[in-house]
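Read the structure below first, then the notes.
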Amino acid sequence: MQICKTLTQLKDTISSIKSERKIIGFVPTMGALHEGHLSLYRRCKSECDVVVASIFVNPIQFTNAIDLEKYPRTEAQDLAMLESVGCDVVFMPSVEEMYAEKPTLTISFGEIEQVLEGKSRPGHFSGVGVVVAKLFHLVQPDRAYFGQKDLQQFLIIQRMVSQLSFPITLICCEILRDEDGLALSSRNARIPAPLRTQAAYIYKSLQLAAQYIKLNKLSEIKQDILQFYAPNTDLKLEYFEIVDANTLQVVSAALPSSNLAICVAAYLGDIRLIDNFLIATN
Ligand code: AMP
């Protein structure tokens, strides 16, 4: 596994791979890897000739300096995990290397970034868009893999790739979960043991809402979900929305032609957890 820390090293490596006409698969991450991330790498490995990983905690997508500072950094463990899934190239630049020129560019994605995760974090998706665009230019992948876990992130990148004509196929990979349904996340390690059972209610609430949708009882969901969460006194809902799975705009009645996503963000103590569930209605 080759480790590139500078843009020049990466460019040289990519040029030599391209000269051999190999299919490059790319999985960008911010490190602190877990099995959920590895599932993306395994899929990438099975579909591409060369697997490129990036590990970069991107400062311009953080809207809170403390979150950026507290973001877990587990470099040695990450590299061992990447090696174990057969990753070929890892790009892990410093902030100074990545942003030698201070990024002043911003990207506006319109109404899709003003809801859900974007609502409480203005500028977050612009920072994601800028770093992913830059990584795409550097890595020049044929295929790039993202998790459905961050559905809004996947959809804004999909728009960027489509509207700016990046020659890249995007793949949205399913969410890997613990046995009780909790979506794997680097934040789960911080959940205190006595609160762990409450965390499982996030996925249970998504399943409950999915049943309501199937029974066409959309208008009753919100009220019943609030009651469902009530006994879990450490689990506080930030949002729970039924949205169009493509635009992420709230829907109040299921349209026969629209696929739906149930999206949730909740705080367990001071740990913010997100999850979602897709429902095909056509
Ligand atoms: P991160 O570094 O945590 O921002 O995530 C890097 C990529 O891994 C993103 O595309 C995430 O959506 C994806 N990812 C995170 N958690 C999971 C999970 N539990 N299952 C599948 N993919 C995930």
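The values are calculated or read from the model by the stated rules, or taken from the named source; none is laboratory data. Being a predicted model, the structure only gives us computed values, none of them experimental. Cβ: placed from backbone, ideal geometry, glycine included. Neighbour counts: every protein chain shown. Just so you know, the surface numbers come from the protein's heavy atoms only, side chains and all, with ligands and any DNA or RNA stripped out. Shrake-Rupley method; radii C 1.70, N 1.55, O 1.52, S 1.80 Å.
At-a-glance table
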| read-out | value |
| --- | --- |
| Segments 71-82, 141-152 sorted - mean Cβ within 10 Å per residue, highest first | 141-152, 71-82 |
| Segment 40-190: antiparallel DSSP beta bridges as a percent of all, rounded to 5 | 10 |
| Test item: Cα-centred dipole of the chain, Lys/Arg +1 and Asp/Glu -1 on Cβ, debye | 200 |
| Over the chain: helical MRE at 222 nm, DSSP H runs n ≥ 4 each giving -39500 (n - 2.57), nearest 500 | -10500 deg cm²/dmol |
| Protection proxy ranking of 228-239, 19-30 - average other beta-carbon atoms within 10 Å, highest first | 19-30, 228-239 |
| Apportionment of accessible area to carbon and sulfur, the chain, percent (1.4 Å) | 52 |
| Solvent exposure of the chain as accessible area per residue, Å², 1.4 Å probe | 49 |
| Gain on full stretching of the segment that runs from Tyr239 to Lys11 - 0.36 nm per residue minus C-alpha separation | 77.9 nm |
| Efficiency of FRET from Cβ geometry, Asn246 and Arg73, R₀ 30 Å, rounded to 0.05 | 0.30 |
| Selected from Asn216, Asn58, Asn246 as most flexible by GNM, with the chain as the system and alpha-carbon contacts under 10 Å | Asn216 |
| Cross-link pairs beyond the 27 Å C-alpha cut-off, checked among Lys70/Lys134; Lys18/Lys134; Lys45/Lys134; Lys22/Lys149; Lys70/Lys119 | Lys22/Lys149 |
| Lys, Arg +1 and Asp, Glu -1 on Cβ, resulting dipole of segment 129-282 about Cα centre, debye, nearest 20 | 180 |
| Antiparallel %, DSSP beta bridges [both residues in the chain], to 5 | 50 |
| Cα-centred dipole magnitude for segment 125-205, charges only on beta-carbon of K, R (+1) and D, E (-1), debye, nearest 20 | 200 |
| Relative packing of peptides 186-192, 196-202, 168-174 - highest average C-beta neighbours within 10 Å first | 196-202, 168-174, 186-192 |
